[in-house]
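The values are calculated or read from the model by the stated rules, or taken from the named source; none is laboratory data. None of these values were measured; they are calculated from a predicted model. Note that we place each Cβ from the backbone using ideal geometry, even for glycine, and neighbour counts take in every protein chain shown. Keep in mind that these areas ignore ligands, DNA and RNA; they rest on the heavy atoms of the full protein, side chains included. Shrake-Rupley method; radii C 1.70, N 1.55, O 1.52, S 1.80 Å.
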Amino acid sequence: MVVMGRIVAPYGVFGWLKVLPDTESLDGLLDYKAWWVGKAPNWREVSVEQAKLHNDVLLIKLAGVSDRDAAFAMKGQQIAVPRADLPAPEEGEYYWSDLIGLTVTNTAGIGFGKITQVFETGANDVLVVREEQPTSVKGKDGKLHEEYRERLIPFTNDAVPEVNLQAGTVLVDWDADF
């Protein structure tokens, strides 16, 4: 399953739901016949009865969700589609879900950690890379605390010259001090 959005809130009193899609276009999630709702590994197939665009969210009416209480119970659940239903990405394009968990190393051979998230900024997508080992940092209370450093790396051809999905690695042209 590939997560394609999430249910953020009920809408109205008749069981409608506000959905925030993770698709390129707001209505892209409507292109898929089968939706699965829940959180891994507990998915259940649902049927969309109606859908409409509203501002920056998708409003949907699912079969079997008939009132606000039932809709509220679905808040926070993810919407996924089977991987087999997704079109193959073009050369040099990647599904964000395929990038999560890849190991990142810079051109000097320094390991940065793993990709934990990808987000869009408008100019370009950004990789969130978290170190695998924590760093001990002295807090205001004088005690040592373990913290994980995160780097934000633009997902551009200049900053990310190589992605190897088979090897599970990403090569970045990024200074270790940033």
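Hey, with R₀ at 30 Å, roughly what FRET efficiency would Arg149 and Val3 work out to, going by the Cβ-Cβ distance, to 0.05?
0.70
Hey, got a sec? Which trypsin sites (Lys or Arg not before Pro) in the range 142-171 land in a DSSP loop and have at most 12 other Cβ atoms within 10 Å? All intermediate terms of the calculation are to be shown ahead of the outcome.
Values: sites: Lys143, Arg149, Arg151; in loops: Lys143, Arg149.
Qualifying residues, ordered by number: Lys143.
Let me have the relative contact order for the range 1-59, percent, based on Cα pairs under 8 Å that are six or more residues apart. Let's see the in-between values first.
Values: 75 pairs, mean separation 17.8, N = 59.
Dividing the mean separation by the residue count of the range 1-59 yields 30 percent.
Of the heavy-atom accessible surface of the chain (probe 1.4 angstrom), what whole percent is carbon and sulfur?
Details: 5270 of 11050 Å².
Carbon with sulfur: 48 percent of the solvent-accessible area.
Tell me, how many Å apart are the Cα centres for the range 108-178 and for the range 30-44?
When both Cα centres are located, 30 Å separates them.
List the trypsin sites (Lys or Arg not before Pro) in the range 26-76 that DSSP assigns to loop (not H, G, I, E or B) and whose Cβ has at most 15 other Cβ atoms within 10 Å. Which are they? Mind dumping the intermediate values first?
On the way: sites: Lys33, Lys39, Arg44, Lys52, Lys61, Arg68, Lys75; in loops: Lys33, Lys75.
Answer by residue number: Lys33, Lys75.
Could you rank the peptides 12-24, 116-128 by their average count of other C-beta atoms within 10 Å per residue, with the highest value first? If you can, show how the numbers build up before the last one.
On the way: 12-24: 17.5, 116-128: 13.9.
Output ranking for 12-24, 116-128: 12-24, 116-128.
Find the eigenvalues of the gyration tensor of the Cα atoms of the range 1-149, then list the square roots of 5 times those eigenvalues as equivalent ellipsoid semi-axes, largest first, in whole angstrom. Spell out each step's value before the answer.
Numbers: eigenvalues 246, 90, 38 Å².
Listed largest to smallest, the semi-axes of the range 1-149 are 35, 21, 14 Å.
Using only helices, what value at 222 nm comes out for the chain when you add -39,500 (n - 2.57) per DSSP H run of length 4 or more and divide by the total residues, to the nearest 500 deg cm²/dmol? If you can, show how the numbers build up before the last one.
Values: 2 runs with 9 residues, N = 178.
Using -39500 (n - 2.57) per qualifying helix, the result is -1000 deg cm²/dmol.
Which GluC sites (Glu not before Pro) in the range 33-91 sit in a loop by DSSP (not H, G, I, E or B) and have at most 12 other Cβ atoms within 10 Å of their own Cβ? Could the numbers behind the result be given before it?
Working: sites: Glu45, Glu49, Glu90, Glu91; in loops: Glu90, Glu91.
Those that pass, being in a loop and sparsely packed, are Glu90, Glu91.
If the only charges are +1 at each Lys and Arg Cβ and -1 at each Asp and Glu Cβ, what is the size of the charge dipole of the range 86-178 around the Cα centre, to the nearest 20 debye?
Working: 7 positive and 17 negative charges, 117 e Å.
Roughly 560 debye for the range 86-178.
Can you give the accessible area per residue of the range 1-107, in Å², using a 1.4 Å probe?
Values: 6240 Å² over 107 residues.
For the range 1-107, the solvent-accessible area averages 58 Å² per residue.
Ranked from highest to lowest mean number of other Cβ atoms within 10 Å per residue, what is the order of the peptides 78-88, 132-142?
Result, highest mean Cβ count within 10 Å first: 78-88, 132-142.
Can you run the Rg to Rh ratio on the range 49-101? Use alpha carbon positions and the Kirkwood inverse-distance Rh.
Numbers: Rg = 15.5 Å, Rh = 14.3 Å.
Here the Rg-to-Rh quotient is 1.08.
Considering Cα pairs under 8 angstrom that are at least six residues apart, work out the relative contact order of the chain and quote it in whole percent.
Reported as a whole number, the value is 18 percent.
Which residues does the label zone of Asp173 cover in the range 131-166, counting backbone N under 16 Å from a point 7 Å along Cα→Cβ?
153-163
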